[in-house]
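A short worksheet on the structure shown next.
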C-alpha cells in the first residue's frame with residue numbers, strides 16, 4: 001500500500017483507498033501516438049499524480065524522470081518514432097485537430113508537472129525546447145478534484161492526454177479513458193468526503 005493520506009493507506013497502483021481501488025477498471029487503449037511522460041522527480045511520490053494512470057491506460061507510453069540528483073535524460077528518447085511534439089500551450093503552438101500533426105507514427109512528449117514547473121521544464125529538459133509545441137483547443141474546465149487549477153486552461157495530465165488523443169485520433173479511443181477518469185474523480189471525492197463508495 002502507498003502513502004497515508006485522509007488517515008488511511010492508499011493503493012500504490014491507482015492512489016485510491018483499497019476498497020475504492022480502480023486498478024482493474026483502467027482501460028488499455030492502443031493509439032497511433034507514442035506518449036513520453038517527462039515526470040518531475042517529486043511527482044512520482046504523490047498519490048494524486050495522474051501520470052501513473054496515463055502509463056497504464058495509453059499504449060505505447062513510457063516515462064523518464066527529471067530534476068532528481070541522479071536523473072539523466074537522453075534526448076534521443078524523443079526521436080526515432082516519427083515526428084515529435086511537446087504538449088505545451090506556447091504562443092506558437094499548433095492547435096490540436098484531426099490532421100494537424102504529422103504522422104502516424106508520432107511521439108508526444110508530456111511534461112508531467114504543475115503549470116509553472118512545466119514552463120521551466122520545457123526550457124531545461126534536454127531536447128524538449130527544440131520540439132514544436134501542440135496545444136489543446138478551448139474546452140470544458142478540469143474535473144480533477146485533487147488540485148486547484150489557477151489557470152482555466154489547467155488540466156490534470158490524464159485529462160490533457162485524453163483530450164489530445166480525441167483531437168488528433170478522433171473521440172473513439174478517448175471515450176473509455178474519459179469515462180474511467182470521471183468515475184475515478186467520483187471515487188476521489190468520496191475519499192475526500194470520508195465515504196466508502198461514490
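Bear in mind these aren't lab numbers, they're just calculated from the coordinates by the rules spelled out. Note that this is a predicted model, so its numbers are computed, not measured. Note: ideal-geometry Cβ built from the backbone for every residue, glycine included; neighbour counts use all protein chains shown.
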Placing one equal point scatterer on each C-alpha of the chain and summing with Debye, one gets log10 I(q)/I(0) at q = 0.16, 0.19 Å⁻¹ equal to -1.05, -1.45
Output the relative contact order of the chain, whole-number percent, from Cα pairs under 8 angstrom with separation of 6+ residues. 23
Would you work out if segment 1-78 is rounded, prolate or oblate? Take a ≥ b ≥ c from the square roots of the eigenvalues of the alpha-carbon gyration tensor; rounded if a/c is under 1.5, else prolate when a/b is larger than b/c, oblate otherwise. oblate
Could you tell me whether segment 109-150 comes out rounded, prolate or oblate from its Cα gyration tensor? Rule is a ≥ b ≥ c as square roots of the eigenvalues, rounded for a/c under 1.5, then prolate if a/b exceeds b/c, otherwise oblate. oblate
Using a/c under 1.5 as the rounded threshold, could you call segment 90-198 rounded, prolate or oblate? The axes a ≥ b ≥ c are square roots of the C-alpha gyration tensor eigenvalues, and prolate needs a/b larger than b/c, oblate otherwise. oblate
Counting DSSP beta bridges in the chain, what percent are antiparallel, to the nearest 5? 5
Round to a whole angstrom and tell me the spacing of the C-alpha centers of segment 2-81 and segment 106-121. 14
When 181, 158 are ordered from fewest to most other Cβ atoms inside 10 Å of their Cβ, what list results? 181, 158
